[in-house]
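Here is the structure we will look at, set down as structure tokens.
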Amino acid sequence: MDRTASTLPDDSVVTGLPRPLPSTPVIVSVCVNCKSSEGAVVGPAMLEAVTAALDKRDVAVMVRPVQCLSVCKRPTTVAVTSQDGYTFLFGDLLPETGSDAVASFVQSYQASDYGLVPWRERADALRKGMVARVPPLRWSPEDGRAPK
């Protein structure tokens, strides 16, 4: 299909369309093998803290333990994703502060187009801990910019 500018609807048509919110479930993956710099396994504590923080806010998501997110130099690591939303990967999180930051981020993720949470809505721990932001698989504009 040719996607030239002449085939795209004008802004007045696009604004009437439903917002492209990420589909459910939003999935939060927590590395349970993460170890502190002293060698202590801290991943399970992060999993427990994230689960509790999401439960406290009554956020409907799927939380799952994963064996490794390959960010071993930045424990603890958490990923937030959905089928048609961006994937965010955060490291350097502490259970005491990072779990509430993740819970708040997930709420913003669920309300943002494509799960693309604005920088100003991210807690400081997540701004500093940003490892990667991967665009949705099903969305690939030709110019590479984020959707509007």
Qualifying residue in the stretch 12-32 (condition: surrounded by fewer than 18 Cβ atoms within 10 Å (Cβ to Cβ), in contact with a Cys (Cβ under 7 Å, 6 or more places away or on another chain) and at pLDDT 90 or above): no
Filtered residues of the stretch 48-77 (kept if of a type outside the set (Val, Ile, Thr) and within 21 Å of ARG133 (Cα to Cα)): MET62, ARG64, PRO65, GLN67, CYS68, LEU69, SER70, CYS72, LYS73, ARG74, PRO75
Among (1) over 23 Å from ASP55 (Cβ atoms); (2) surrounded by 18 or more Cβ atoms within 10 Å (Cβ to Cβ), the one test that ALA103 misses: (1)
Out of ASP92, ASP58, ASP113, ASP124, sole residue that is under 26 Å from ARG138 (Cβ atoms), surrounded by fewer than 23 Cβ atoms within 10 Å (Cβ to Cβ) and of a type in the set (Asp, Glu): ASP113
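Suppose we filter ALA49, ALA45, ALA101, ALA40 for residues that are over 21 Å from PRO25 (Cα atoms) and touching a helix residue (DSSP H, G or I) at 6+ places or on another chain (Cβ under 9 Å); which single one remains?
Working: ALA49 fails: over 21 Å from PRO25 (Cα atoms); ALA101 fails: over 21 Å from PRO25 (Cα atoms); ALA40 fails: touching a helix residue (DSSP H, G or I) at 6+ places or on another chain (Cβ under 9 Å).
Of the residues listed, the single one that is over 21 Å from PRO25 (Cα atoms) and touching a helix residue (DSSP H, G or I) at 6+ places or on another chain (Cβ under 9 Å) is ALA45.
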All positions within the stretch 87-102 that are among the polar types (S, T, N, Q) and under 16 Å from TRP119 (Cα atoms): THR87
Residue count for the stretch 70-89, restricted to those that are surrounded by fewer than 23 Cβ atoms within 10 Å (Cβ to Cβ), touching a residue at least 40 places away in the same chain (Cβ under 8 Å) and closer than 21 Å to GLU48 by Cβ: 6
MET62 vs. criteria more than 15 Å from ILE27 (Cα to Cα), in contact (Cβ under 8 Å) with a residue 12 or more places away in the chain and of a type outside the set (Val, Ile, Thr): no
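The values are calculated or read from the model by the stated rules, or taken from the named source; none is laboratory data. Here the structure is a predicted model, which is why all the values come from computation and not from measurement. Reconstructed Cβ throughout: ideal geometry from the backbone, glycine too, with neighbour counts over all protein chains shown.
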